[in-house]
1. Which number in (1) open to solvent by 50 Å² or more (accessible area, probe 1.4 Å); (2) outside any helix (DSSP H, G or I); (3) more than 22 Å from Ser403 (Cα to Cα); (4) of a type outside the set (A, V, I, L, M) marks the one condition that Pro496 misses?
2. Scan the range 235-274 residue by residue and report those that are closer than 18 Å to Ala326 by Cβ, within 22 Å of the chain's Cα centre (by Cα) and assigned to a loop (DSSP other than H, G, I, E, B).
3. Looking at (1) at pLDDT below 95; (2) of a type in the set (Ser, Thr, Tyr); (3) more than 30 Å from Leu57 (Cα to Cα), find the lone condition where Thr274 falls short.
4. Hey, among the residues in the range 349-366 that are in a loop (DSSP other than H, G, I, E, B) and under 26 Å from Ser287 (Cβ atoms), which one's nearest to the chain's Cα centre (by Cα)?
5. What residue, among those in the range 423-443 that are out of contact with any Leu (no Cβ under 9 Å at 6 or more places or on another chain) and farther than 19 Å from Met350 by Cα, is most open to solvent (accessible area, probe 1.4 Å)?
6. How many residues does the range 133-155 contain that are over 15 Å from Arg80 (Cβ atoms) and either more than 36 Å from the chain's Cα centre (by Cα) or open to solvent by less than 30 Å² (accessible area, probe 1.4 Å) (or both)?
7. With respect to Thr266, determine if the residue is touching a residue at least 24 places away in the same chain (Cβ under 8 Å), of a type in the set (Ser, Thr, Tyr) and open to solvent by 50 Å² or more (accessible area, probe 1.4 Å).
8. Name the pairs: first residue in the range 125-137 and free of Cβ contacts under 8 Å to residues at least 60 places away in the same chain, second residue acidic (Asp, Glu) and open to solvent by less than 80 Å² (accessible area, probe 1.4 Å), Cβ to Cβ under 8 Å, at least 6 apart or on different chains?
Amino acid sequence: MHLIQVDSVQRWMEDLKLMTDCECMCILQSKPISIEKDEQNELILSSQYSTCDNLQLLLKRAWIISTELTRIAQKLEKNRWQRVHSMTVRVNCHVHSMINEYNTFTRSSSPEMHQLEKLLIDKCSEFTAFTERCLQTEDEEILKSMKSCVDETLTTIAQYFGQLIELVLTQEAQNLLRQIELSGSVYVTESAVSALFSLAQEGAHLCRIIAKEGGVVALFKICRQDCFRCIYPQTLRTLASICCVEEGMHQLEKVDGILCLADILTDTSHSEATHAEAAAVIAQITSPHLTFTQHLSSFLENMEEIVTALVKLCQEASSGEVFLLASAALANITFFDTMACEILLQLNAMKILLAACSDKHIVDTPYSRDQVVTILANMSVLDQCASEIIQGNGVQLLMEMLSEKSSSGNAAEVAACERVQQKSAVTLARLSRDPEVADAAVKLSCIPRLIKLCRSPTERNNSDSVLVACLAALRRLAVMSPDGLEDSDFQQLVKPRLVDSFLLCTNMEESFV
């Protein structure tokens with residue numbers, strides 16, 4: 001294994017163990033294999049798995065079982081009894097393997113867990129025997145009557161399995177949090193935080209379990225102890241993951257997490273990595289996509305010092321990643337509260353962000369430009385913003401953003417480019433109420449570019465949101481500079497109702513027969 005460097009081969013060898021265990025158990029059920037005492041060690045895996053590795057193995061096995069149960073239900077609907085039985089045997093084997101594997105690496109299991117394990121194993125054995133009887137029955141009426149019992153048994157297995165996995169993950173989260181609570185060692189705490197981060201990456205459900213078991217409280221306790229400063233970045237990264245769920249947010253509020261984050265961001269003795277990860281937590285908890293940020297009352301109390309620290313981080317960022325995290329936090333805060341835009345204006349944030357955009361090493365991706373243009377769009381509602389844009393050559397930047405294109409073709413990057421185009425058009429539309437901005441936009445040939453985006457679906461990647469924003473910007477500029485449009489453009493893109501122009505432009509796609 002250590003000699004193989006090809007990722008696909010390594011992945012295949014990892015998966016192979018999961019798939020072959022099942023086959024071995026099917027063929028060698030109840031058949032003892034005698035081995036010499038000296039040879040026994042050869043059957044034990046040479047590498048010692050960590051808790052994190054073991055949990056990954058467990059989760060992988062759980063995913064296989066969950067998938068198999070779904071497929072059994074599908075085959076049952078089609079009355080494919082041969083397939084139902086063979087898959088039932090496979091699930092039975094996987095369940096045995098999963099329980100054996102978990103009991104091999106876990107230190108202790110609760111009586112409740114042992115009871116659930118027994119219930120699940122018994123029900124799986126019963127299910128296997130039942131489907132075997134169905135396989136031997138040819139009478140359609142009898143099979144029909146037995147099918148409801150099979151359905152019921154399958155549902156019960158799924159319930160027991162779900163409860164067992166929930167209990168296992170809860171116990172593992174408790175064990176890790178107990179390590180964090182009791183250990184004064186940086187090494188042990190770092191290892192536990194790393195394992196907790198890996199758990200949190202498995203999805204929102206696991207984040208809820210960790211939050212309910214006191215994960216947010218334990219992690220903020222680390223962030224309040226100077227002896228753990230070297231693991232602040234890793235701890236904050238884990239916090240950002242857990243705070244994607246409501247339970248995590250409630251816990252953050254209870255332990256004055258906002259105040260702790262503000263202290264970290266404003267403390268100049270912390271490393272840039274620590275500041276960046278604190279910014280990532282701020283970005284997470286203020287995300288406009290979350291519906292449960294309203295209770296963050298303490299955020300408003302600390303908003304000015306947090307925004308000030310984030311602007312400074314943007315200005316001093318040594319890499320694109322740090323800038324992205326800081327600007328994402330600022331962008332979200334401008335959605336979170338309108339007062340943030342006024343604070344940003346007082347801090348000369350517009351000038352700082354526009355200057356950063358000219359440095360291709362700092363603002364190096366569409367994702368970073370998306371954050372910058374989001375801030376500009378939200379700040380553009382303020383009248384004082386126009387003069388800042390003019391002074392910082394912002395209209396030129398917005399013009400460039402209207403031509404944002406993905407270099408990789410990656411779906412996420414393409415979506416980011418669409419957002420950049422849309423928000424730059426929105427910003428132009430808002431700022432063009434100022435004659436000076438409108439005049440600068442016209443001189444930079446913004447009108448022909450907007451017309452092209454409206455008329456050519458490929459230029460906007462067939463995005464309707466980009467089209468609407470461009471039509472709005474074009475109409476605003478047309479009012480300020482009517483001479484910049486040809487008559488056909490005016491008749492089709494400006495004069496009609498917005499919805500009529502929209503429908504006209506969406507029907508301009510080429511068709512090939």
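1. So Pro496 meets the others, but not (1).
2. Hit for the range 235-274 is Cys243, nothing else.
3. Condition (1) is where Thr274 drops out.
4. For the range 349-366, the residue satisfying everything is Thr365.
5. Looking at the filtered set, the residue picked out is Lys443.
6. Here the count works out to 9.
7. yes
8. Note: no pairs meet the criteria.
The values are calculated or read from the model by the stated rules, or taken from the named source; none is laboratory data. Given the structure is predicted, the values throughout are model-derived calculations rather than measurements. So basically every Cβ, Gly included, is an ideal-geometry build from the backbone, and we count neighbours across all protein chains shown. Surface accessibility is based on the protein's heavy atoms, side chains included, excluding ligands, DNA and RNA. Shrake-Rupley method; radii C 1.70, N 1.55, O 1.52, S 1.80 Å.
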